[in-house]
Amino acid sequence: MEVSADDKKKMVYISDVPKKGYQRIVTSYRVLEENKDAILPSSILEVQLHSGKTHQIRAHLTHIGFPIIGDGKYGINEVNKKFGQKVQDLCSYKLVFNFDGNYKLKYLNNLEFKIRV
């Protein structure tokens, strides 16, 4: 997948094929819990970023057909209304740093910060 940013609209766009000005992104996910309700199906996912781009999780999941509930920018407003959500249901419970190159924060490499869930 490739991603490009539109600074005026404060959005990013995803493409399945390489395009000029787009950067490569890699996102993986695992379904932790699934609600197969016929009217309002939903899932809880564990998402891992292999590249860290602006809005990557939100834009990428929407691109593959799994918008985040409550996301007014990349989500589906009709779905958000059905769930009664005005803000996105997106949170982080673990951060692991993996910097390539000579970054000032390289000393954080492989450190894991995790909250109890």
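The values are calculated or read from the model by the stated rules, or taken from the named source; none is laboratory data. Bear in mind that the values here come from a model prediction, so they are computed numbers and not experimental data. All Cβ positions, even for glycine, are placed from backbone atoms using ideal geometry, and neighbour counts span all protein chains on display.
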**Request:** Starting from residues that are without any contact (Cβ under 8 Å) to a residue 40 or more places away in the chain and in a loop (DSSP other than H, G, I, E, B), keep the ones in segment 73-83 and report whichever is surrounded by the most Cβ atoms within 10 Å (Cβ to Cβ).
**Result:** G75
**Asked** Which condition does K86 not pass, out of (1) under 20 Å from V3 (Cα atoms); (2) in a loop (DSSP other than H, G, I, E, B), if it passes all the others?
**Response** (1)
**Item:** Neighbours by Cβ (under 8 Å, 6+ apart or cross-chain): first from segment 16-42, within 15 Å of I57 (Cβ to Cβ); second part of a loop (DSSP other than H, G, I, E, B) and of a type in the set (A, V, I, L, M)
**Value:** I25/M1; V26/M1; T27/M1
**Test result for D6, among the acidic types (D, E) and either in contact (Cβ under 8 Å) with a residue 60 or more places away in the chain or over 26 Å from Y93 (Cα atoms) (or both)** = yes
**Item:** Hits in segment 84-117 - residues which are of a type in the set (D, E) and modelled with pLDDT under 90
**Value:** D89, D100
**Selection within segment 11-48 - among the hydrophobic types (A, V, I, L, M, F, W, C), surrounded by 15 or more Cβ atoms within 10 Å (Cβ to Cβ) and either touching a Cys at 6+ places or on another chain (Cβ under 8 Å) or under 21 Å from Q88 (Cα atoms) (or both)** = M11, V12, I14, L45, V47
**Asked** List the pairs whose first member sits in segment 50-68 and is in contact (Cβ under 8 Å) with a residue 60 or more places away in the chain, whose second member is not in a loop (DSSP other than H, G, I, E, B) and not acidic (D, E), and whose Cβ atoms are under 9 Å apart, counting only residues at least 6 apart or on separate chains?
**Response** H63/Y13; H63/I14; H63/S15
**Request:** State all residues of segment 57-113 that are of a type in the set (F, W, Y) and under 13 Å from V47 (Cβ atoms); if no residue qualifies, say none.
**Result:** F66, Y93
